[in-house]
Amino acid sequence: MRRRDDDEFTEFAAITIRRLRRTAYLMCGDWHRAEDAAQDALVKVYRRWNRIDRSEGLVSYAHKAVVTSVLDQARRPWRREHLDDPGDDILTAPDALQAVDDRTVVVAALAALAPGQRACVVLRHYADFSVEQTAEILGIGEGAVKSQTSRGLVHLRQLLGLTEKSTS
């Protein structure tokens, strides 16, 4: 890679790493796995740096890479071994409604969603991507993004004990 391209990538990585890491964290609920996924995503971006359309596709490609990395991590057999699931106690606590602002409760609720729903909710409502961008990142149709997001939000409301009126 040429020096100028290397400098551009370094600047992009410095600006984007936090957002990628947070997106990955919301998808997997583990900061260490999120860090690994964000770094894997940046490696993929670096490898294709000269071929990616920088006018539109750079951030989308990076998010697609981080989502893919998180989902790939979850498929690995050693990742399925859980010693303890702290999310169950958090979601059943009597004061869970008062603790909605607590990140731990929200992350535990996100972790309870199906992977597709979690990806759609995180990309649409946290990363603030449009339906079209989310569909492109996940490689699915726009209708699937809408239905997965809707189902995910309904499930989140149930997990957090929220009603439709209390969210407005």
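Express in nm, to one decimal, how much length is gained between residue 17 and residue 2 on full extension, taking 0.36 nm for each residue of separation and deducting their alpha carbon distance. Result for the pair: 3.2 nm of gain on full extension. Using a probe radius of 1.4 angstrom, the carbon and sulfur fraction of the accessible surface of region 113-162 is 51%. Taken along its three principal axes, the alpha carbon spread of region 18-69 comes to 31, 17, 17 Å, from the longest extent down to the shortest. Extending 7 Å from Cα along the Cβ direction at residue 72 and again at residue 132 yields two label points whose distance is 2.9 nm. Modelled label positions at residue 144 and residue 125, each set 7 Å beyond Cα in the direction of Cβ, lie 2.1 nm from each other. With protein chains left intact and a 1.4 Å probe, residues in region 9-72 average 52 Å² of accessible area per residue.
The values are calculated or read from the model by the stated rules, or taken from the named source; none is laboratory data. This is a predicted model, so every value here is computed, not measured. Methodologically, a virtual Cβ is constructed for each residue, glycine included, from the backbone with ideal geometry; neighbour enumeration extends over all protein chains shown. Heavy atoms of the whole protein, side chains included, go into the accessibility calculation; ligands, DNA and RNA do not. Shrake-Rupley method; radii C 1.70, N 1.55, O 1.52, S 1.80 Å.
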